[in-house]
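Report on the following structure.
The values are calculated or read from the model by the stated rules, or taken from the named source; none is laboratory data. These numbers were taken from a predicted model, which means no experiment stands behind them. With ideal geometry, Cβ positions are generated from the backbone for all residues, glycine too; neighbour counts draw on all protein chains shown.
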């Protein structure tokens, strides 16, 4: 099957996730600096925890779809490792930046750390049939509810996900249960691409986008870069606004 260079619909889904995430983080930053009234509980209120779950799920499901496309296109290991090193390197930078800003709750295994590990697992599992990927995904989603142990409660082991209590951290995306979401994306991508075989543009993943959604697709192609710069820009803008307001009040 002839594969296009880009799948605009997958890029647009990723772009939607990144825009939603940026809006969520903007609200979080406003709340952190006391500018969101009334103050919100981002760690316990279902309005915010539910959004976080939905955003991470969309990111990981889209990553699974992308891995299906990469496998179907015969992506070589050199290209895979280049992208993987970008993700892993950015994960290290996120840990360093969060340790500076949140020394007591820094991010040791957030979404980029999780994606880096899950990409390796999905790459190894990509040749498996979609039904098996669905089954393994369900197992990954359910296993944390069936098995927990205190040995997984440290920063060195909580990345597995079989914790007895959630760690104190600003972002936590362990392999279990989140690998299940990426595996389901991989399974869906494998199935949809198989159905579209021999009919270019006929599948749900292929085809064009309305002009209104093209900016989302463009943003989705640069999602990692956007992810890395959006928080410094948002926080910098908020701090500049607060300093400007303080200067006016003093004047």
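Would you check if residue 243 is surrounded by fewer than 17 Cβ atoms within 10 Å (Cβ to Cβ), modelled with pLDDT under 95, outside any loop (DSSP other than H, G, I, E, B) and more than 17 Å from the chain's Cα centre (by Cα)? Reasoning before the result, please.
On the way: surrounded by fewer than 17 Cβ atoms within 10 Å (Cβ to Cβ): yes; modelled with pLDDT under 95: yes; outside any loop (DSSP other than H, G, I, E, B): yes; more than 17 Å from the chain's Cα centre (by Cα): yes.
Taking the combined requirement at face value, the residue satisfies it.
Consider residue 150 carefully, then state whether it is more than 23 Å from residue 9 (Cα to Cα), without any contact (Cβ under 8 Å) to a residue 60 or more places away in the chain and out of contact with any helix residue (DSSP H, G or I) (no Cβ under 6 Å at 6 or more places or on another chain). Give the derivation first.
On the way: more than 23 Å from residue 9 (Cα to Cα): yes; without any contact (Cβ under 8 Å) to a residue 60 or more places away in the chain: yes; out of contact with any helix residue (DSSP H, G or I) (no Cβ under 6 Å at 6 or more places or on another chain): yes.
It is true that residue 150 is more than 23 Å from residue 9 (Cα to Cα), without any contact (Cβ under 8 Å) to a residue 60 or more places away in the chain and out of contact with any helix residue (DSSP H, G or I) (no Cβ under 6 Å at 6 or more places or on another chain).
Could you grab me the full set of residues in segment 100-121 that are part of a helix (DSSP H, G or I) and either at pLDDT below 95 or in contact with a strand residue (DSSP E or B) (Cβ under 8 Å, 6 or more places away or on another chain) (or both)?
As a first pass, look at segment 100-121 and keep what is part of a helix (DSSP H, G or I): 100-101, 111-121.
Passing the criteria: 100, 101.
For segment 136-143, check the following and say yes or no: at least one residue is out of contact with any strand residue (DSSP E or B) (no Cβ under 7 Å at 6 or more places or on another chain), outside any helix (DSSP H, G or I) and loosely packed, with under 15 Cβ neighbours inside 10 Å.
Here is the first cut: in segment 136-143, the residues out of contact with any strand residue (DSSP E or B) (no Cβ under 7 Å at 6 or more places or on another chain) are 136-143.
Narrowing the set further to residues that are outside any helix (DSSP H, G or I) leaves none.
The answer is no; no qualifying residue exists.
Select, from 12, 63, 54, the only residue that is crowded, with 17+ Cβ neighbours inside 10 Å, under 18 Å from residue 112 (Cα atoms) and in contact with a helix residue (DSSP H, G or I) (Cβ under 9 Å, 6 or more places away or on another chain).
Working: 12 fails: under 18 Å from residue 112 (Cα atoms); 54 fails: crowded, with 17+ Cβ neighbours inside 10 Å.
Only one candidate passes the filter, namely 63.
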